[in-house]
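Colleague: Mind looking over this structure? Questions follow.
Only the coordinates and a few stated rules stand behind these numbers; no lab work does. Quantities reported herein were computed from a predicted structural model and do not represent experimental measurements. A quick note on method: Cβ atoms are made from the backbone with ideal geometry, for glycine too, and the neighbour counts reach across all protein chains shown.
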Amino acid sequence: MKGKIAINKELCKGCTYCVTSCPRGVIAIEKQFNKMGYFPAAPKHPDKCTGCAFCAQMCPELAIEVWITDNNKDEKRTARATSAPGRVSKGGRAVGKKRTKRA
Ligand code: SF4
Ligand code: SF4
């Protein structure tokens, strides 16, 4: 089983959470700005990816998608969809801070 990641550079703010969380050293920060003026992350050693999805779980911008490749079939993981703080859902209900009405 092998992993595969895709990073949306234009969503990335260069926080490096994904770089430091990857146990295989797959991700590095690029030397060129993206459109927002940040140095974005990119998969520099994609062959080393195991698909653990730590990087996607750490990304506050939902910029990373992870797949597991098995028997030449790509299986999309749900790590990206449930990784943002406040966007995690349980039983179809959003979990996060409760909004309060202004007086
Ligand atoms: S899925 Fe795991 S091994 Fe692959 S880049 Fe992300 S943290 Fe690294
Ligand atoms: S965690 Fe997300 S926002 Fe931060 S550097 Fe990685 S891809 Fe960019």
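Colleague: For residue 44, enumerate residues with amide H under 5 Å from its amide H, sequence gap 5+ or separate chain, H modeled in the peptide plane.
Modeller: Excluding prolines and chain starts, which carry no amide H, the hits are 27, 28.
Colleague: If you don't mind, another one. Apply the Karplus parameterisation 6.51 cos²θ - 1.76 cosθ + 1.60, with θ equal to phi minus 60°, to every residue of region 24-31 and state each ³J(HN,Hα) to the nearest whole Hz, in sequence, with x for glycine and proline.
Modeller: 10, x, 6, 9, 9, 8, 6, 9
Colleague: Let me ask something additional. If each residue of separation counts as 0.36 nm, what is the full-extension length gain between residue 30 and residue 48 once their alpha-carbon separation is subtracted?
Modeller: On the way: separation 18, 0.36 × 18 = 6.48 nm, distance 1.81 nm.
Gain on stretching residue 30 to residue 48: 4.7 nm.
Colleague: How much length is gained on full extension from residue 39 to residue 15, taking 0.36 nm per residue of separation minus their Cα-Cα distance? Mind showing how you got there, number by number?
Modeller: Details: separation 24, 0.36 × 24 = 8.64 nm, distance 0.89 nm.
Extra length from residue 39 to residue 15 when fully extended: 7.8 nm.
Colleague: Within 11 Å, Cβ to Cβ, of residue 25, how many net charges do the neighbouring residues add up to if Lys/Arg are +1 and Asp/Glu are -1?
Modeller: Neighbour charge sum, excluding residue 25 itself: +3.
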